Every structure is written in C-alpha cells, then in structure tokens.
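The values are calculated or read from the model by the stated rules, or taken from the named source; none is laboratory data. These numbers come from a predicted model, not from an experiment. Every residue, glycine as well, gets a Cβ built from its backbone with ideal geometry; the counts of neighbours run over all protein chains shown. Side chains included, ligands, DNA and RNA excluded: accessible areas come from the protein's heavy atoms. Shrake-Rupley method; radii C 1.70, N 1.55, O 1.52, S 1.80 Å.
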Amino acid sequence: MNNYVLNHLKKTITDHSATFLATLFSMSVVLSCLSLILLARQNLVRLAETWGQDSEITAYLEDGLPSKEQKELEQKIQAMDHVKQVQFVSKTDAAKKFLERMGHLSPDFLQSDKPEENPLPATFDIKISADISLTERIDILKQLATQISEYSGVSDVTFGQGWIESWGRFLQKFNLATLFAVGVVLVIGLLIIGNATRVSMERRLEEVEVLELVGATRRWIQRPFLIEGALLGLGSALFSLILSMFLNKAVLGYFSSAGWMWIENSRIELSMSSAIVILLTGLGFGLLGSYFCVRKIGGRNFQGEMDSYV
Amino acid sequence: MIEFHHTYKAYSNGYKALRDVTFKIGKGEFVFLTGPSGAGKTTMFKLISAYDRPTSGNVRVAGREISLLKPRELPFFRRHVGVVYQDFRLLRNRTVFENVALPLVVRGESTLSIERRVMDVLDQVSLFSKKDCLPLEMSGGEQQRVAIARALVHQPEVLIADEPTGNLDPTLTNEIIALLEKANARGTTVFVATHDHDLVKRKKARRIDINLGEIQLDQ
C-alpha cells in the first residue's frame, strides 16, 4: 500500500505537475490571506493590550480633604479587587506636572505661589493588574470607577473611557470580520482542493475501475487521494507561512525605514499557535476537500447504482 | 462454480439483455460462450463479476449468490474471479510488474510474496524479460498476456475472458487460448466469450451459444 501511495503521489507530481503547482500556488495564496488576517488581528490585540496596560483611573479629590480621610480613602481603594497601585498626586505635584507638560503654552498660568489660587485638584492615580485582557479590563475599569466615585471625598473619576470603549468596539468588529474572512477562506480553500482532487480523480477513473476489478476495497482506493489532498493542503500551508513571513518583513521594513522605528522593536510576527492553526487548517482543508470528491469513489457496486463518481 | 437459474436481466430503458437463462458450469470446466454482438455475452459476464445484478432469477458464482452480496463484500468476492477484457484494461503508466502485482497489492500481501508470485506468473506467460516495460511499449498479444497474468496472479477459482482474442491475429489467438488452457489445467474454471467459431470448433470444448438474451445451444 505504501509503495502504491508513494507511486500515486509521484505520478501526480510528475505527470500532472502544472495542475499540482497551480493548486499549490492558489492554496498558498488563500492561506497567506488567512495568515495575514490572523497576524493583523493578533497585532491589533497586542497593541490594545499594550495601550490598555497603561490605562489607569484618576480619582479627583475634593478640595481640603483632611489627610486622615485621604489616607483612609487610599487604603480603601488599595484593598479593592484588581487594583495594583494607588499613587497620591497632591495639588502642588499636579500643578508641577501640568507646568512641565503644558507650561510653555500659557507661561502666566499657575505662576502664583498661593496654594488657594491653584485650581488643580489632588488626585489618586490608580493602576490595575496587567494580566487582565482588554475586554475584561474595560468592564473592570468601569466597575472600579463607579465604586470609587461613590466614596466620600471623591469629586470625580475618569479612566479614558472614550478611546478604550472605541478601541474595544473596533476590536469586536474586527473579530467578526476575521471570522467572516476565515469562513470565506475556508470555502475557497475547499473548492480549490476539491477541484484539484476531482481533476486527479477524473484522470484516474480508468485506474479506479481496474482497482475495483482486482478487488480493492473502497477505503483502499480512496486512501491515496485523501493523502494527496492532505499533503497538498499541508504543503500549501507551509508555503503560505513562508510567504506571509516575507510579506510581513517587507511591510515592517518599509514602515521602519519610513520613520516608524518603534515597529521594529514591537515583535510583530505570527505566533507559534497561529502558525500551527494555519498548518492544521491546510491539512484539514486538504483532507476535507478531497474527501468530498472521493467519498463516492470505489462505490461502484452494481452497474446502474453508481452511474458516476463525479 | 457458475450457475444461472432462470435469470432475467432488463435495463432501465426496457431492453431485455437476458431472458430465462439457465446453465451450470462445474469446477475446472473450460467453456466457450458464443453469440453475435448484443446477444447478452457481456451482460452475463457483468453478472458473474458482480458489476450488475439480475432483474430476476439467480446467479451463483464460487458458491456466492450475486444478488445477496452486500456492497462491502463485493471487493472480497471479486478476489475469487479473474477477469480479462478485449481492451486489456492495463494501467498505462505502470510497468508490467506493477500491473500484474495489483491484485496482490490490494490484498496487502508482503513484498516478498508479491515478487515471487508475479515473477512466477510472468514466467508462465513468457513475459519475464518485459517486467519493467510499460504496456504501450508492447504488442497487442503481449498486452493481453499481461492482462491474463494479472487475472491469474491471485489464483482465482473462476477466470472469465470477454473476447480476449478479439483484436489478435490467429497465431496470437492460439497463444492466448493456450495460456487459458494452462490455467484451466491447474484447476481454474475458465469461461471465454468469443466470436471466433473456428476457434471453438478446433478446441472441442463445451460451448454455450446465446442470441437475443436466450440460450440457443449448450453442448
């Protein structure tokens, strides 16, 4: 059987090399699209996670809050779930920070030494744990902000909800688009492999008839076609990974030479798990596509019951 | 070994290929089947090799009732029957050795046993030296000998040959019939369809004549 399968594969490659290469190329392109979609999704999520880790809650304190109450409030916030760090920023520190960042825009602002003339409130800058996913992080930030805003001594709470929520919505839509694209790729892939197997099978109908004649079982006849399909899928997946790796490098090279230096250090590459998903997808496509074509093969039991294989 | 009992075969277009056919071929017999084109010879062979089943009546081959065979049993049944066609039905891109080995390969026999058996049968049909040739590199007579070798390599109980000498000249025809007789001498039941009445007369074997789906003569 092994020799027969090897012979079958060898003949597919040598006798029908044009069809074989065309299928390999088309499947590689389709799977490359899948790799690039997964890569884009992975990097958007990674970017969101990176930005999300910097997100924090700012609790603005009421003016003139006694230091004892301020300490108690700090301890209460520190004790809350998911809170990693609470840092007190006094009115003076807030003014200093403001002047450092924005002072050049308004040189006369906050130049007075009198604290009562400083309009900036004291704040608690609250960081939450880093190991929380972006979608959970949004919910946790909302929940914490609501709880903290109800504590006495707190006048207002912000956590940059605008951009975080927008980003979350964008990622959600992107995930849906990814699912849709994966579905389209799946259908196209199955059609390509199915078509290749059909062509291979039609060229071998005579051989299939002879195999039936000499008593080959259905499974025996189908096996080489299934292996051919699976190897074609796996080979295409491998090529697609190499292709998308080169494409990725080329795109990153273009952006980093255009001044986006941070891109170079961002490790934007397909993860091992995504690569395995692509390889398994290729293998699955190959098996499934060829199975749909050969499921009737070898079923010529009695004339008239099996009019055609195809 | 082969038994038809009040067998009828009608196709979906209404054509009646066999009508009330009854005969019996015993183990080790050599029988010719004669009749004009369209008489029902090929239909009879299709029934014997389980590529078709009768509309009514019975067909028993090697102890098995064809109508009762389940689809999954068919490949195993066909291993009891060797078939030779007029157009050889060889795999053009496989060597003589590979073609002849096929019935043993599908049975999952060991490489050593396949090699031994194929060499033996190629020797019997005098094609040992051509084992690495492709069918298209050989003459019609040689290709038919390869087809016979393939049909005999797994030592079937029954060998059916549908016009095996149809495309061959008289010398090659005699060679092929001699090979079939050799197989018959080893105990294989041989059933040969032919148009060649001279050949049948010469061989003095049992002859079943069929016309318009009915048996005309059995002697």
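Brief remarks follow.
- Once backbone amide H atoms are built at 1.01 Å from N, B:Asp218 has B:Asp209 as its partners under 5 Å, excluding neighbours fewer than 5 places away on the same chain.
- Carbon/sulfur fraction of accessible area - the protein assembly as shown, other protein chains in place, 1.4 Å, %: 56 percent
- Note on the protein assembly as shown: with charges restricted to the Cβ of Lys and Arg (+1) and Asp and Glu (-1), its dipole about the Cα centre is near 2860 debye.
- Taking one quarter of the surface of the C-alpha convex hull of segment B:1-89 gives a mean projected area of 6.4 nm².
- Hz values of 3J(HN,Hα) by residue in segment A:3-12 - Karplus curve (6.51, -1.76, 1.60), Gly and Pro given as x: 5, 5, 5, 4, 4, 4, 5, 4, 5, 4
- On Cα atoms only, tilt of B:140-152 relative to the major axis of chain B in degrees: 80 degrees
- Note on the protein assembly as shown: along the principal axes its Cα atoms extend 134, 47, 40 Å, ordered by decreasing extent.
- Options B:Phe30, B:Pro135, B:Ala62, ranked by Cα towards positive dipole end of segment B:20-135, top entry (Cβ charges): B:Ala62
- Phi-based couplings in Hz for segment B:67-77 (Karplus 6.51, -1.76, 1.60; Gly and Pro marked x): 5, 8, 5, 7, x, 6, 8, 4, x, 6, 5
- Cut-off of 10 Å, at most 13 other beta carbons, DSSP loop: longest stretch of chain B lacking such trypsin sites (Lys or Arg not before Pro): B:93-185
- The Cα atoms of segment B:2-218 define a convex hull whose projected area, averaged across directions, is 11.9 nm².
- Dipole magnitude of segment B:135-219, debye to nearest 20 (Cβ charges: Lys/Arg +1, Asp/Glu -1, about Cα centre): 380 debye
- Amide hydrogen proximity for B:Leu18: with H placed 1.01 Å from N in the peptide plane, the residues at 5 or more positions away or on another chain lying under 5 Å are B:Lys9.
- Backbone HN-Hα couplings from phi across segment B:3-8 [Karplus 6.51/-1.76/1.60, Hz, Gly and Pro as x]: 9, 10, 10, 6, 8, 10
- Electrostatic tally near B:Arg116: other residues with Cβ closer than 14 Å to its Cβ, Lys and Arg +1, Asp and Glu -1, net -2.
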